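Input: a single structure, listed below in structure tokens.
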Amino acid sequence: QVQLVESGGGLVQAGGSLRLSCAASGRTGSNYAMGWFRQAPGKEREFVGGISWPVGIYYADSVKGRFTISRDNAKNTMYLQMNSLKPEDTAVYYCTATTGWGRQPAAWPYWGQGTQVTVSS
């Protein structure tokens, strides 16, 4: 099993930046991909981006060029650097992990509890 804990959410003005962290524990390894989803009120959970081993990094079109995913293997921590934030980025952001891959939530069996990101105009 893998346990995931997100942190770093908060309130930020439009155009600002925020960095989310996801600390992983348990039976982690290089076979696990890690990713981010987000869910706004009244909307379905959507794929934000993910990082797979050994080298693949993928982003949704809505965040491409603004968000950056990285991972510190020594700390078992994944980061989501969010720049040029927009009000439509407001959502609960979830860290997730899988031994597979996919853009649907069902492909990701391990989830954190989420962290709120609110972007004001």
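Values computed for the structure shown
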{"item": "Check on R19, closer than 14 Å to T115 by Cβ, touching a strand residue (DSSP E or B) at 6+ places or on another chain (Cβ under 7 Å), open to solvent by 20 Å² or more (accessible area, probe 1.4 Å) and of a type in the set (D, E, K, R)", "result": "yes"}
{"item": "Condition met for L11 (more than 19 Å from R103 (Cβ to Cβ), in a strand (DSSP E or B) and in contact with a strand residue (DSSP E or B) (Cβ under 8 Å, 6 or more places away or on another chain))", "result": "yes"}
{"item": "Count of residues meeting criterion [surrounded by fewer than 22 Cβ atoms within 10 Å (Cβ to Cβ) and hydroxyl-bearing (S, T, Y)] in region 92-108", "result": "2"}
{"item": "Flag if D89 is open to solvent by less than 10 Å² (accessible area, probe 1.4 Å) and of a type in the set (D, E)", "result": "yes"}
{"item": "Test set (1) assigned to a loop (DSSP other than H, G, I, E, B); (2) among the basic types (K, R); (3) closer than 21 Å to S120 by Cα - R38 fails condition number", "result": "(1)"}
{"item": "Where a residue in region 66-82 is open to solvent by 60 Å² or more (accessible area, probe 1.4 Å) and its partner, wherever it lies, is outside any strand (DSSP E or B), with Cβ under 6 Å and at least six apart", "result": "N76/T28"}
{"item": "Answer residue from region 43-56, given it is open to solvent by 50 Å² or more (accessible area, probe 1.4 Å) and either modelled with pLDDT of 95 or more or touching a His at 6+ places or on another chain (Cβ under 8 Å) (or both) and is nearest to Q81 (Cα to Cα) among those", "result": "E46"}
{"item": "Flag if G26 is open to solvent by less than 60 Å² (accessible area, probe 1.4 Å) and over 16 Å from the mean Cα position of the chain (by Cα)", "result": "yes"}
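The values are calculated or read from the model by the stated rules, or taken from the named source; none is laboratory data. Bear in mind the structure is a predicted one, so any value in this text is a computation, not a measurement. Backbone-built Cβ (ideal geometry, glycine too); neighbour counts: all protein chains shown. Surface areas here come from the heavy atoms of the whole protein model, side chains and all, with no ligands, DNA or RNA. Shrake-Rupley method; radii C 1.70, N 1.55, O 1.52, S 1.80 Å.
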